[in-house]
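The values are calculated or read from the model by the stated rules, or taken from the named source; none is laboratory data. Keep in mind that this is a model prediction, so the values were computed, not measured. Quick reminder, even Gly has a Cβ in these numbers, built from the backbone with ideal geometry, and neighbours come from all protein chains shown. These area figures cover heavy atoms from the full protein model, side chains too; ligands, DNA and RNA do not enter into them. Shrake-Rupley method; radii C 1.70, N 1.55, O 1.52, S 1.80 Å.
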Amino acid sequence: MGEFATRADPDALLRRVQADEARSGRAKLKIYFGFAPGVGKTFAMLETARSLAAAGADVLVGCVETHGRSETQALLDGLAVLPRRAVEYRGVTLQEFDLEAALERKPAILLLDELAHTNAPGVIHAKRWQDALDLLDAGIEVHTTLNVQHVESLNDVVTRITTVRVRETVPDALLERADQIELIDLPADALLARLREGKVYVPDLAARALESFFREGNLLALREIALRRTADIIDADVRAYREAHAIATPWPTAERIVVGVGPSPSSAGLLRSARRMADGLRGSWTAVWVEGSRPLGDDDRHRLEANLRLAESLGGTVVRLSGTSRADAILRYARRHNATRLIIGRPTRSRLRDLLRGSLLEELVRGSGGIDVHVISGAASEEALPLSETSERPSEWPAYLLAAQLVAVATIVSFVVDAYLAPADTVMTFLVAIIVSALRVGRGPSVFAAALSVAAYDFFFVGPRFTFAVSDTRHVLTFAMMFGVGILLSELTRRLRTQEREARRREAYTAALFALARDLGAAADKPSVAGAIAARASDAFNGTVAVLLAEGEGELREVARSGDAVLDARDRGVARWAHEHGRPAGLGTDTLPGAAAACVPLRTDARGLGVIAFVPRVPGRVLDGEQRHLLEALARQAALAIERVVLAAEAKASELRARTENMRSSLLSAVSHDLRTPLAAITGAATSLRGDEAAVHPEQRRELIETICEESTRLERLVANLLEMTRVEAGAIEVHREWVPAEEIVGAVLTRLEGALAGRPVHTSLDPALPLLPVDPVLVEQVLMNLIDNAIKHTPAGSPIDVFVTGDADRIMIEVADRGPGLAPGSEEQVFQKFHRGAAPGIPGVGLGLAICRGIVEAHGGTIKAASRTGGGANFTVTLPVVGSAP
């Protein structure tokens, strides 16, 4: 056993090997960490860089801010410095780190000062830490500097201390990504002396800094935070090392206290003692409860949850463990987290009971090893409810009666067939009764069944019969074995039932989370997300769940509800408080506990999104700890899903704005020439006509008037196409179907294009089996006109144009074919894009006609295709479905 007890966990070894392999194959990140500007981070980074360069390393200074410090500037001498990139911003030229040049240069080590710096608009990334990630991905080792106030998770803490909100932050994940963090420390008074001497800021800035951020109290607090943060990072490395090497003995690098908590009223005193001890030792403390060690009644469960909430309010960490042995679970957790002290309550049970069922104190002391065990007598409240032993509380007499009946049945059966059974067979009959009792009625009744079986066996089957006297002492061992087997089976059954109950509870919670994740994955908008969370939470907690989402100026609006209960004004006030403060409130919490609803905020790191309000079906029923954690887990999933929906909507809106802007630019670029050309022709012709009428020959006058008319028609068609394209983009095309003759549509189009078709033969072929077409005649005329106009533009004068209308009972096909240059290979789909023009130069138009055709055809539920024509030319085929029946 000793060999296996000290053997490293294979999973831990595998994780460590995988982590080592991942680290060995990636570029290293080194952070010089400090608590304030001026402690010497940049100075230390440059000193290390000079040493590496002297040893032959390829070191490049990507960006170093000297802030006018001469001693820092001197360290740059002899180092390769990357030129900065000049960026114009609001009339000012800013010098920024040139990421592209650094990636092209690709040094072995690059110095990147002030990791939290915000880049000027116009460079690749908004933040310098994003530049660092690109460098690391490119295989470049990065050395950088960072102050504690720029760590994202510490931003609020620093703000409360200094009353200065730091806007530039770095994600905590980047610190976790760092391969090495070097703390650059300096006493607060030494930093203040440097500041007064002008070694940190210029005199004017230094004077203002001394009055605000650089107060001595601020610096002392920031220094402590930086030291603790660095210690936490090192502690994580120590724990990983101990786990990988299976080191069970605690390393007392810092005081860590674990206190065992339970439903006992005295646990509150233990928690307060743990808090006082942690404060005195300047350490951390954790309250642990072992689920599955024994079943709890309702009173016990409520008292346990109150104790765990007290632990959280006292600043401790609450951990729920699982296991059938409390001592093993607590010791396993304590060793894994390098705990130095264990606190438990003084035993209150009798010594005999501890001998029979085991003593938690003795097991902890024997297995503690190098962990100190403190036994404290917690003060119990006088009005505390008595502890219950089991949740199967109502009445155990039916269970004991059933156990007695089973033993009676075993006795009768054995007595009837006694002549045919050996004594061992009779014993087995009673063991069957004990086993059935253990499986059916629990621990107490099964122990009773074991004792009753021993008595029945002795009275009816052991000589002298019908007395409790035992003539053969060998039967005493049989009695002991029967009773011992009964106790063992009862204990094993109790453990199995407890584990089964916990497994079912966890299975239900896991199923709820899985079902919610599945529903949220399919939800496309906020109401769908709210409906999914309301339905799943209502099923999980047996109550009414309302989801309120923030809208406008932070107002909450009920978006979804599952159940019958309605939130009153007080519950809505609790929901507003939870939303504004980002903490649970209402029923079962320490904030507004008299409310009928329990409210959990929907919140991400970026913002508050709303609230989940739960109203139990049984008024006043409080969620237990696991249910609260599940509700909070559901809230986190819902918040992430809502944020995903919001971000997707914002991204879609941004994409639409970008497309609109791109369309506007393309439109202006495309139509500027086409609008100016007809306007210039109209203006020139009208100016000539406005001049001396005698100087204008009648024939010339007719030509000028004709020019005005033609260019006006061209301009009108261009503007109409632009307006129609706007309708297509907005999806505002409405189809009003009518049954119209095919020759009417074709004839109307050819009449309107009579002038443009002058000198061009047009061949039409209309299927006589299609007397009427179920289409919007105005829209289909526009499609046919655009297709014929497109053929006119792309074919030489005199080239024929063919128009065919065919179909059957299900569809109608309209074809327009020409004998022009045809389509370029691969452009069959491209020709229907907005502003696309043919390759031939000098063709008028802005490239909207075919795009409009596609929009109108698709509004009819049809398709339009383009293809090159055999023998030269292009062929456009419109296919429209036949809707309804002809009158």
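Do the alpha carbons of any pairs in K30/K127; K526/K865; K127/K652; K41/K127; K106/K652 sit beyond 29 Å of each other, and which pairs?
Check vs 29 Å cut-off fails for K526/K865; K106/K652.
Would you please state the base-10 log of I(q)/I(0) at q = 0.14, 0.25, 0.29 1/Å for the range 408-467, with intensities from the Debye formula using one equal scatterer on every alpha carbon?
Taken in order of the listed q values, log10 I(q)/I(0) reads -0.36, -1.00, -1.21.
Once R0 is set to 25 Å, what does the formula 1/(1 + (r/R0)^6) return for the Cβ-Cβ distance between L640 and A138, expressed as a FRET efficiency to the nearest 0.05?
Working: r = 31 Å, r/R0 = 1.24.
Result of the calculation: an efficiency of 0.20.
Considering only protein heavy atoms, what is the solvent-accessible area of I233 at a probe of 1.4 Å, reported in Å² to the nearest 10?
Here the residue's solvent-accessible area equals roughly 50 Å².
Taking only protein heavy atoms and a 1.4 Å probe, what accessible area per residue, in Å², does the range 29-90 have with all protein chains in place?
On the way: 2720 Å² over 62 residues.
Per residue, the range 29-90 has an accessible area of 44 Å².
Which length gain, in nm to one decimal place, applies between A797 and D590 when the Cα-Cα distance is subtracted from 0.36 nm times their residue separation?
Numbers: separation 207, 0.36 × 207 = 74.52 nm, distance 8.78 nm.
Extra length from A797 to D590 when fully extended: 65.7 nm.
Once you order the gyration tensor axes a ≥ b ≥ c over the Cα atoms, which shape class does the range 86-161 get: rounded for a/c under 1.5, otherwise prolate or oblate by comparing a/b with b/c?
Working: a/c = 2.64, a/b = 1.26, b/c = 2.09.
Taking the square roots of the gyration eigenvalues as a ≥ b ≥ c, the range 86-161 is oblate.
If each residue of separation counts as 0.36 nm, what is the full-extension length gain between S712 and H67 once their alpha-carbon separation is subtracted? Intermediate results must be reported in sequence, preceding the final value.
Numbers: separation 645, 0.36 × 645 = 232.20 nm, distance 6.66 nm.
Gain in length upon complete extension: 225.5 nm.
For the range 132-191 and the range 609-658, what is the separation of their C-alpha centers, rounded to whole Å?
Between the Cα centres of the range 132-191 and the range 609-658 lies a distance of 31 Å.
Does the range 583-654 come out rounded, prolate or oblate by the C-alpha gyration tensor, with a ≥ b ≥ c the root eigenvalues, rounded set by a/c under 1.5 and, if not, prolate when a/b is larger than b/c and oblate if not?
On the way: a/c = 2.89, a/b = 2.62, b/c = 1.10.
It comes out prolate by the Cα gyration axes.
At 1.4 Å probe size, what's the solvent-accessible area of F415? Round to the nearest 10 Å².
Approximately 90 Å² for this residue.
What nm distance separates the two modelled labels at Q833 and Q95, each placed 7 Å from Cα along Cα→Cβ?
Modelled inter-label distance: 4.3 nm.
Taking every Cα atom in the range 62-199, find the radius of gyration and the maximum pairwise distance Dmax, and write them in Å.
In Å, with Rg to one decimal and Dmax whole: 16.2, 44.
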